[in-house]
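The values are calculated or read from the model by the stated rules, or taken from the named source; none is laboratory data. Just so we're clear, the structure is a prediction, and the values are computed from it rather than from any experiment. Counting neighbours? That spans all protein chains shown, and the Cβs are built from the backbone with ideal geometry, glycine included. Remember, those area values only see protein heavy atoms, side chains included, never the ligands or the DNA or RNA. Shrake-Rupley method; radii C 1.70, N 1.55, O 1.52, S 1.80 Å.
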Amino acid sequence: TQLLEQSPQFLSIQEGENLTVYCNSSSVFSSLQWYRQEPGEGPVLLVTVVTGGEVKKLKRLTFQFGDARKDSSLHITAAQPGDTGLYLCAGALSAGNMLTFGGGTRLMVKP
Amino acid sequence: EAGVVQSPRYKIIEKKQPVAFWCNPISGHNTLYWYRQNLGQGPELLIRYENEEAVDDSQLPKDRFSAERLKGVDSTLKIQPAELGDSAVYLCASSTSGSRQETQYFGPGTRLLVL
């Protein structure tokens, strides 16, 4: 069992649709990050959330950190083919920068 | 500014052979990480360096894996001998320090296939 469970594992949608991916844990995190990884590349940081209940927006992406800092969600509005990729959440349990990654959600947006 | 550089990008070897991966972090980054990413999964930390000191290697299979970061800059990860289950992408990342919320910048990874 992974410390961070992501759902769904796979998601295939049409361009223009909205979607939400989830990152859940029974542990409390001091911070949580979302990354996007494209084939043949390393993960690229999208956002870091640190406060329970925090909401951050990055253009069409909205990130939310749960009030109890155990879960997070990523919502994409009007998905585009360029959003295709592997979305990873990663949490830091303590003040150090040791990240634990979830298993990822593989998103495909079809034109 | 150049990103994290890794080489080789791809490596195919037979089981029981040795293999080494090289990482050059972003200039000025004191903290360096090696991760392993199995197919369809998220990265798992193998070892973390603060300058030349390995500060967390609890997940490194020490019977066959070794790493070094001489002079606190470049790093090498070695597997000897390789096993079929070692097939994965090996990612290197760096950050300015190991403190919370410091952004980790990842290299493109080395994709290893053990036959």
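How far is the Cα center of the range B:1-76 from the Cα center of the range A:32-111, in Å?
First find each Cα centre; the distance between them is then 24 Å.
Taking accessible area as the heavy-atom solvent-accessible surface of the protein chains with a 1.4 Å probe, which residues of the range B:32-56 lose no less than 10 Å² upon going from the isolated chain to the full protein assembly?
B:Tyr33, B:Tyr35, B:Gln37, B:Gly40, B:Gln41, B:Gly42, B:Pro43, B:Leu45, B:Arg48, B:Asp56
Which value in Å does the Kirkwood hydrodynamic radius of chain A take, with 1/r averaged over all unlike C-alpha pairs and then inverted? Walk me through the numbers on the way to the answer.
Details: mean 1/r = 0.0719 Å⁻¹.
With all distinct Cα pairs of chain A included, I get 13.9 Å.
Nearest 100 Å² is fine: how much accessible area is buried between A and B, summed over both sides, with a 1.4 Å probe?
That pair hides around 1700 Å² of surface in total.
Net charge near A:Phe65: determine it from the other residues with C-beta under 14 Å of the C-beta of A:Phe65, scoring Lys and Arg +1 and Asp and Glu -1.
+1
Hey, with R₀ at 45 Å, roughly what FRET efficiency would A:Thr77 and B:Gln17 work out to, going by the Cβ-Cβ distance, to 0.05?
Taking R0 as 45 Å, the efficiency between A:Thr77 and B:Gln17 is 0.40.
Counting Lys and Arg as +1 and Asp and Glu as -1, what is the net charge of the other residues whose Cβ lies under 13 Å from the Cβ of A:His75?
Once positives and negatives cancel, what remains is +2.
Accessible area of B:Glu102, 1.4 Å probe, to the nearest 10 Å²?
60
Considering the options A:Gly52, A:Thr105, A:Gln14, tell which one lies farthest towards the positive end of the dipole of the range A:5-110, charges being +1 on Lys and Arg and -1 on Asp and Glu at the Cβ, about the Cα centre.
A:Gly52
Distances over 23 Å make up what percent of all Cα-Cα pairs in chain B?
Of the Cα pairs, 22 percent sit more than 23 Å apart.
Go ahead and run the numbers for FRET between A:Asp67 and A:Leu45, Cβ-Cβ distance against an R0 of 25 Å, rounding to 0.05.
After rounding, the FRET efficiency stands at 0.60.
Counting only protein heavy atoms, probe 1.4 Å: which residues of the range A:76-110 lose 30 Å² or more of accessible surface in the full assembly compared with their chain by itself?
A:Ala95, A:Asn97, A:Met98, A:Leu99, A:Phe101, A:Gly103
Give me the percent of accessible area attributable to carbon and sulfur for the range B:5-114, probe 1.4 angstrom.
47
Per residue, how much accessible area does the range B:5-114 have with a 1.4 Å probe, in Å²?
Solvent-accessible surface per residue comes out at 48 Å².
Provide Rg and Dmax in Å for the protein assembly as shown, with only Cα atoms included in the calculation.
17.6, 50
Can you give the net charge of the other residues whose Cβ lies under 11 Å from the Cβ of B:Asp74, counting K and R as +1 and D and E as -1?
Values: positive: B:Arg69, B:Lys71; negative: B:Glu52, B:Glu68.
Once all neighbours under 11 Å are counted, the net charge is 0.
Probe 1.4 Å, all protein chains in place: accessible area of B:Lys11 in Å², nearest 10?
Counting only protein heavy atoms, B:Lys11 exposes about 80 Å² to solvent.
What's the carbon and sulfur percent of the range A:72-111's accessible surface, probe 1.4 angstrom, rounded to a whole number? Let's see the in-between values first.
Numbers: 820 of 1290 Å².
Ligands and nucleic acids excluded, carbon and sulfur give 64 percent.
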